[in-house]
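> Submitted below is the structure of interest, expressed as structure tokens.
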Amino acid sequence: MAEEIRWVKTHCARMDHGGCSLLVGVRNNKIVQVKGDPQGYLNAGYTCYKGRVSPERLTHPDRLCYPLKRVGKRGEGKWERISWDEALNITAENLLQIKEKYGSQAVGFGVGMPKGLEHFILIRLANVFGSPNVVASQDICHAPREVTGLHTCGFYPVADLHNPTELILSWGSNVLSTNEEGQIGNLMLQQLKKRVRLVVVDPRRTELAERAEVWLQLKPGTEQALAMSFLHVIIEESLYDKAFVEEYTYGFEDLAQHIKQYSPEVVAEITWVSPDLIRKAARLYAAAKPAALQWGNAIEHSVNVFDSTRALVCLMAITGNLEVSGGNINAHDPNIMGMGEFVRADLIPDKRKEMIGTYNSTIPWLMTVPPAYFRQAVLEGYPYPVRGYYGICTNPMVAWADSQYTYDAFMKLDFIAMNEIFMTPTASLADIVFPVAHQYEMNDIGHYGIGHGMIFARPKVVDPPEECWPDIKIMNELGKRVSPTEYWHDDFEQFLEDLLRPAGLSYSEFVEKGYLKGPDLFESYKEKGFRTPTAKVELKLSTADKYKLKPLPEFTALPEDEDADYPLILISAKSRYYLLSSYRWVEKLRQKRPHPTVEIHPETAAAYGISDGDSVIIETKYGQIEQIARVTDIVHPRVISAALGWWFPEGEAEEQFEWRKSNFNMLTSVGKLGQEFGTPNLKNLPCKIRRNHN
């Protein structure tokens with residue numbers, strides 16, 4: 001008699017930031033069905049296709065199931081199976097040898113976007129080891145919005161899509177396709193059902209743009225000019241919240257004078273958006289009480305990101321939409337262990353002074369190292385030599401800007417170890433590869449440390465393959481070998497208990513609850529002011545001279561100079577079926593999006609003799625790649641939008657799975673970086689396109 005299906009409640013993870021509550025059906029230690037949980041706090045029963053097919057990640061025949069040691073030359077794709085003890089000991093010995101010869105700072109600890117507690121255990125491992133260099137993708141993801149918020153208003157302003165609002169201004173965000181951190185598309189849909197007004201700023205006509213009352217199809221790379229023009233309209237027409245501005249902002253008169261140069265007529269020439277449309281959108285946003293500005297990751301892909309994010313926080317502030325229900329809020333954490341204590345920040349008190357980024361003048365409170373500066377340290381020895389890398393949940397060969405530069409750096413390192421579920425272009429260059437247990441195969445906590453004021457239970461659903469370990473367990477055991485054992489646990493799951501102890505909950509009790517949310521504390525500035533040096537929202541930064549920052553946001557030039565030899569503008573858009581460079585090997589996802597596609601307007605396609613489905617060559621002055629043409633009018637005739645994150649798991653390991661062929665980051669460069677976050681231009685790139693005649 002067949003075993004009955006057992007249903008387990010958990011939360012989605014590692015398909016994006018996660019957060020959708022799921023009901024997972026299990027029979028004989030195998031997941032047979034995934035469906036949305038109607039009681040889910042964020043999703044109320046909704047789940048995307050990625051989430052529903054996510055168990056297929058666990059059963060692929062080429063999944064990594066035991067530790068591997070490189071044999072032969074780096075990148076040849078030749079491995080031998082070794083034991084866990086041997087893999088951990090080799091890794092520890094190499095990291096300690098590098099530390100002894102060059103210092104602890106000579107090891108970089110790498111991570112992609114936060115997916116669970118493993119991100120913070122990695123920071124703990126780096127801190128305990130003594131390295132200030134956690135290398136992360138935050139230069140292009142999350143940190144510019146978060147850290148700019150800290151400098152401007154003292155917190156990270158999150159769009160409150162849980163409470164009633166009158167208008168949502170979606171700026172470079174498409175939550176109906178790819179969810180933001182804690183902002184599941186279902187929250188947007190529920191708001192739209194209530195007939196909330198919607199204004200969308202996006203160079204592509206997205207699903208969200210098609211629902212909008214006003215869609216502003218701006219020229220890529222001009223978002224800060226458009227935001228400055230919104231400020232111009234609202235200030236010049238006296239549409240701002242006068243009481244809030246007078247009592248709670250610093251530098252308003254300077255800002256008001258500064259934005260006079262950004263009239264809609266002037267900015268229309270820069271942005272391609274008509275003056276009437278700029279005025280209409282700005283007036284709608286200013287009139288709505290409250291209004292939520294949902295800002296997306298796309299604005300963080302330009303060297304000018306600090307200006308963009310500064311202008312948008314100023315926009316929230318002068319309209320009185322900061323710290324109000326239905327506006328942009330300061331999301332307070334529940335009563336759990338603070339991040340500093342969890343990662344043992346006390347063990348590395350001079351971290352900020354010693355980080356690679358600090359030598360390159362990155363902004364205070366950016367506590368990870370931009371990848372461009374990490375690679376510079378590897379290849380040039382500035383500001384000091386870096387010789388080792390330990391990476392989890394990341395694939396730098398495809399995910400970081402300027403992929404050839406990444407390849408050169410990784411080939412020069414003395415030692416590389418990676419945690420992975422599947423062999424990737426980056427893992428194929430490693431000396432040691434640790435096989436990981438994945439979502440559904442381990443107990444975890446989601447959403448910790450990403451500024452949305454909530455954490456989610458992710459209990460184990462099925463057992464992993466015998467030799468696959470959770471990232472946290474791997475790091476706990478590695479930590480014991482490279483640092484005093486007192487900083488690590490006999491049982492790695494004790495970290496879950498540590499985090500929850502201030503809440504008075506065990507992990508099993510937390511699983512029963514499902515999630516914890518911090519208190520809603522609206523308008524707390526009326527009692528305490530804002531957590532800035534002036535105790536006000538700093539429209540003009542009081543710390544500008546101290547930190548060598550711009551006091552006011554501005555638009556001075558496009559991210560890249562226009563070039564007649566490259567007449568089109570290249571952007572990218574994330575796919576709803578993948579997580580950046582992840583899961584091209586999951587068959588049901590690959591069937592949905594089998595090829596890397598580039599969106600081309602019909603007029604542009606006709607001018608270049610390109611038909612739908614043609615193989616095309618996309619070229620910038622930095623490189624060229626192949627993708628498949630999709631002819632569509634959702635992009636502007638002067639803009640093409642290429643696919644991100646492509647490599648080919650069906651390719652050969654010794655060729656790193658054709659990482660050059662269609663990889664968007666062969667077209668990007670780190671030759672020009674934003675000072676504040678070390679951000680390269682990942683969009684807004686002058687390019688050209690032609691049919692591939694090969």
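> I'd like to know if the range 94-112 contains one or more residues that are in a strand (DSSP E or B), assigned by TED's automatic domain parsing to the domain that holds LYS528 and touching a residue at least 60 places away in the same chain (Cβ under 8 Å).
Initial filter on the range 94-112 (in a strand (DSSP E or B)): 107-111.
Pick out the ones that are also assigned by TED's automatic domain parsing to the domain that holds LYS528 and you get none.
No, the range 94-112 has no match at all.
> Same structure, new question: How many residues, within the range 447-504, are more than 25 Å from LYS9 (Cα to Cα) and either crowded, with 19+ Cβ neighbours inside 10 Å or out of contact with any Pro (no Cβ under 9 Å at 6 or more places or on another chain) (or both)? Write out each step before concluding.
Narrowing the range 447-504 to residues more than 25 Å from LYS9 (Cα to Cα): 467, 474-490.
Checking which are either crowded, with 19+ Cβ neighbours inside 10 Å or out of contact with any Pro (no Cβ under 9 Å at 6 or more places or on another chain) (or both) leaves us with 474-490.
Number satisfying all stated conditions: 17.
> Another question, then. Inspect all residues belonging to the range 63-84 and state whether any of them is buried (at least 21 other Cβ atoms within 10 Å of the Cβ), in contact (Cβ under 8 Å) with a residue 12 or more places away in the chain, out of contact with any Cys (no Cβ under 8 Å at 6 or more places or on another chain) and in a helix (DSSP H, G or I).
No: the range 63-84 contains no residue that is buried (at least 21 other Cβ atoms within 10 Å of the Cβ), in contact (Cβ under 8 Å) with a residue 12 or more places away in the chain, out of contact with any Cys (no Cβ under 8 Å at 6 or more places or on another chain) and in a helix (DSSP H, G or I).
> Do we find that SER177 is under 22 Å from the mean Cα position of the chain (by Cα) and of a type in the set (S, T, N, Q) in this structure? I'd like the intermediate steps shown before the answer.
Numbers: under 22 Å from the mean Cα position of the chain (by Cα): yes; of a type in the set (S, T, N, Q): yes.
Yes: the conditions hold for SER177.
> For the range 193-205, what are the residues that are buried (at least 19 other Cβ atoms within 10 Å of the Cβ) and either outside any loop (DSSP other than H, G, I, E, B) or in the same structural domain as PRO637 (by TED's automatic domain parsing) (or both)?
Looking only at the range 193-205, we keep the residues that are buried (at least 19 other Cβ atoms within 10 Å of the Cβ), and these are 196-204.
Matches in the range 193-205: ARG197, LEU198, VAL199, VAL200, VAL201.
Listed here are the residues, each with its yes/no results for (1) surrounded by fewer than 19 Cβ atoms within 10 Å (Cβ to Cβ); (2) touching a helix residue (DSSP H, G or I) at 6+ places or on another chain (Cβ under 7 Å); (3) within 21 Å of VAL511 (Cβ to Cβ).
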| site | (1), (2), (3) |
| --- | --- |
| ASP16 | no, no, no |
| SER21 | no, no, yes |
| ASN28 | yes, no, no |
| ASP37 | no, no, yes |
| ASN43 | no, yes, yes |
| TYR46 | no, yes, no |
| ARG52 | yes, no, no |
| GLU56 | yes, yes, no |
| HIS60 | yes, no, no |
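> Among the residues of the range 132-158, write down those that are in contact with a Gly (Cβ under 7 Å, 6 or more places away or on another chain) and outside any strand (DSSP E or B).
ASN133, SER137, ASP139, GLU146, PHE155, TYR156
> Just give me the residues in the range 349-383 being of a type in the set (S, T, N, Q) and either under 30 Å from SER662 (Cβ atoms) or buried (at least 21 other Cβ atoms within 10 Å of the Cβ) (or both), in sequence order.
Kept after step one, since they are of a type in the set (S, T, N, Q), are these residues of the range 349-383: 358, 360-362, 368, 376.
Within the range 349-383, THR362, THR368, GLN376 meet the criteria.
> Related question: I'd like to verify a number: residues in the range 650-659 that are at pLDDT below 95, in a loop (DSSP other than H, G, I, E, B) and buried (at least 17 other Cβ atoms within 10 Å of the Cβ), how many?
Residues that pass the stated criteria total 0.
> Answer with yes or no whether LEU161 is in contact (Cβ under 8 Å) with a residue 40 or more places away in the chain, within 22 Å of the chain's Cα centre (by Cα) and part of a loop (DSSP other than H, G, I, E, B). Reasoning before the result, please.
Numbers: in contact (Cβ under 8 Å) with a residue 40 or more places away in the chain: yes; within 22 Å of the chain's Cα centre (by Cα): yes; part of a loop (DSSP other than H, G, I, E, B): yes.
Yes; evaluated as a whole, the condition is true for this residue.
> Next up: How about the range 544-583: which of its residues are among the polar types (S, T, N, Q) and in the same structural domain as TYR622 (by TED's automatic domain parsing)?
Residues of the range 544-583 among the polar types (S, T, N, Q): 556, 572, 575, 581-582.
SER572, SER575, SER581, SER582 - these are the residues of the range 544-583 that are among the polar types (S, T, N, Q) and in the same structural domain as TYR622 (by TED's automatic domain parsing).
> Among the residues of the range 593-606, is there at least one that is surrounded by 15 or more Cβ atoms within 10 Å (Cβ to Cβ), more than 15 Å from ALA643 (Cβ to Cβ), of a type outside the set (Val, Ile, Thr) and in contact (Cβ under 8 Å) with a residue 60 or more places away in the chain?
There is no residue in the range 593-606 that is surrounded by 15 or more Cβ atoms within 10 Å (Cβ to Cβ), more than 15 Å from ALA643 (Cβ to Cβ), of a type outside the set (Val, Ile, Thr) and in contact (Cβ under 8 Å) with a residue 60 or more places away in the chain.
> Scan the range 392-403 and tell me whether some residue there is over 23 Å from ASP139 (Cβ atoms) and of a type in the set (Phe, Trp, Tyr).
Quick first cut of the range 392-403, residues over 23 Å from ASP139 (Cβ atoms) only: none.
No: the range 392-403 contains no residue that is over 23 Å from ASP139 (Cβ atoms) and of a type in the set (Phe, Trp, Tyr).
> Is it fair to say GLU619 is on the phi < 0 side of the Ramachandran plot and either crowded, with 19+ Cβ neighbours inside 10 Å or touching a residue at least 40 places away in the same chain (Cβ under 8 Å) (or both)? Full working, then the answer.
On the way: on the phi < 0 side of the Ramachandran plot: yes; either crowded, with 19+ Cβ neighbours inside 10 Å or touching a residue at least 40 places away in the same chain (Cβ under 8 Å) (or both): yes.
Spelling it out, GLU619 is indeed on the phi < 0 side of the Ramachandran plot and either crowded, with 19+ Cβ neighbours inside 10 Å or touching a residue at least 40 places away in the same chain (Cβ under 8 Å) (or both).
Rundown of residues vs (1) of a type in the set (S, T, N, Q); (2) at pLDDT 95 or above; (3) over 25 Å from ASN476 (Cβ atoms); (4) in contact with a helix residue (DSSP H, G or I) (Cβ under 7 Å, 6 or more places away or on another chain), yes/no style:
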{"position": "PRO334", "(1), (2), (3), (4)": "no, yes, no, yes"}
{"position": "GLY338", "(1), (2), (3), (4)": "no, yes, no, no"}
{"position": "LEU347", "(1), (2), (3), (4)": "no, yes, no, yes"}
{"position": "MET355", "(1), (2), (3), (4)": "no, yes, no, no"}
{"position": "TYR359", "(1), (2), (3), (4)": "no, yes, yes, no"}
{"position": "GLU380", "(1), (2), (3), (4)": "no, yes, yes, no"}
{"position": "TYR407", "(1), (2), (3), (4)": "no, yes, yes, yes"}
{"position": "ASP414", "(1), (2), (3), (4)": "no, yes, no, yes"}
{"position": "TYR440", "(1), (2), (3), (4)": "no, yes, no, yes"}
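> For the range 660-679, how many residues meet the condition of being part of a loop (DSSP other than H, G, I, E, B) and hydrophobic (A, V, I, L, M, F, W, C)? Talk me through it step by step, then tell me what you get.
As a first pass, look at the range 660-679 and keep what is part of a loop (DSSP other than H, G, I, E, B): 660-663, 667-679.
Retained after the next criterion (residues that are hydrophobic (A, V, I, L, M, F, W, C)): 667, 670, 673, 677.
So the answer is 4.
> Another question, if that's okay. Looking only at the range 505-524, filter to residues that are hydrophobic (A, V, I, L, M, F, W, C) and closer than 18 Å to GLY19 by Cα; which one of those is surrounded by the most Cβ atoms within 10 Å (Cβ to Cβ)? Reasoning before the result, please.
So in the range 505-524, the residues hydrophobic (A, V, I, L, M, F, W, C) come out as 505, 510-511, 516, 521-522.
Filter once more, so that each one left must be closer than 18 Å to GLY19 by Cα: 510-511, 516.
On the way: PHE510: 23, VAL511: 19, LEU516: 20.
Residue satisfying both the conditions and the ranking: PHE510.
> Any chance the range 316-333 includes a residue that's hydrophobic (A, V, I, L, M, F, W, C), crowded, with 24+ Cβ neighbours inside 10 Å and in contact with a Gly (Cβ under 6 Å, 6 or more places away or on another chain)? Steps first, please.
Here is the first cut: in the range 316-333, the residues hydrophobic (A, V, I, L, M, F, W, C) are 316-318, 322, 324, 329, 331.
Adding the requirement that they be crowded, with 24+ Cβ neighbours inside 10 Å leaves 316-318, 322, 329.
If we keep only those that are in contact with a Gly (Cβ under 6 Å, 6 or more places away or on another chain) too, we end up with none.
No, that holds for no residue.
> Just checking, does the range 23-38 include any residue being within 31 Å of the chain's Cα centre (by Cα) and among the polar types (S, T, N, Q)?
So far as the range 23-38 goes, yes, one or more of its residues are within 31 Å of the chain's Cα centre (by Cα) and among the polar types (S, T, N, Q).
> Right, another one. With respect to VAL386, determine if the residue is surrounded by 24 or more Cβ atoms within 10 Å (Cβ to Cβ), over 22 Å from PRO114 (Cα atoms) and either not small (Gly, Ala, Ser) or not assigned by TED's automatic domain parsing to the domain that holds TRP647 (or both). Walk me through how you get there before you give the answer.
Values: surrounded by 24 or more Cβ atoms within 10 Å (Cβ to Cβ): yes; over 22 Å from PRO114 (Cα atoms): yes; either not small (Gly, Ala, Ser) or not assigned by TED's automatic domain parsing to the domain that holds TRP647 (or both): yes.
Yes; evaluated as a whole, the condition is true for this residue.
> Name every residue in the range 36-54 that is under 10 Å from HIS11 (Cα atoms) and out of contact with any Cys (no Cβ under 7 Å at 6 or more places or on another chain), in order of residue number.
The one that is under 10 Å from HIS11 (Cα atoms) and out of contact with any Cys (no Cβ under 7 Å at 6 or more places or on another chain): ASP37.
> Okay, next question. Quick one: how many residues across the range 560-614 are in a helix (DSSP H, G or I), over 30 Å from the mean Cα position of the chain (by Cα) and hydrophobic (A, V, I, L, M, F, W, C)? It would help to see each step written out before you state the result.
Here is the first cut: in the range 560-614, the residues in a helix (DSSP H, G or I) are 587-592, 602-607.
Imposing the further condition that a residue be over 30 Å from the mean Cα position of the chain (by Cα) reduces the set to 602-607.
Now drop any that are not hydrophobic (A, V, I, L, M, F, W, C), which leaves 605-607.
Number satisfying all stated conditions: 3.
> Can we say GLU486 is assigned to a helix (DSSP H, G or I), over 28 Å from the mean Cα position of the chain (by Cα) and closer than 23 Å to TYR440 by Cα? Steps first, please.
Working: assigned to a helix (DSSP H, G or I): yes; over 28 Å from the mean Cα position of the chain (by Cα): yes; closer than 23 Å to TYR440 by Cα: no.
Considered against the rule, which asks whether it is assigned to a helix (DSSP H, G or I), over 28 Å from the mean Cα position of the chain (by Cα) and closer than 23 Å to TYR440 by Cα, GLU486 comes out as no.
> If a residue must be under 28 Å from the mean Cα position of the chain (by Cα) and assigned to a loop (DSSP other than H, G, I, E, B), how many such residues does the range 531-559 contain? Full working, then the answer.
Filtering the range 531-559 for residues under 28 Å from the mean Cα position of the chain (by Cα) gives 531-532, 537-541, 543-544, 547-559.
Keeping just the survivors that are assigned to a loop (DSSP other than H, G, I, E, B) gives 531-532, 539-541, 543, 548-559.
Of the residues in the range 531-559, 18 are under 28 Å from the mean Cα position of the chain (by Cα) and assigned to a loop (DSSP other than H, G, I, E, B).
> Spot the failing condition for LYS194; the list is (1) out of contact with any strand residue (DSSP E or B) (no Cβ under 9 Å at 6 or more places or on another chain); (2) under 30 Å from TYR448 (Cβ atoms); (3) free of Cβ contacts under 8 Å to residues at least 60 places away in the same chain, and only one is missed.
Exception for LYS194: condition (2).
The values are calculated or read from the model by the stated rules, or taken from the named source; none is laboratory data. What you see is a predicted model, and the numbers here were worked out from it, not measured in a lab. For neighbour counting, all protein chains shown are included, and Cβ atoms are generated from backbone atoms with ideal geometry for every residue, glycine included.
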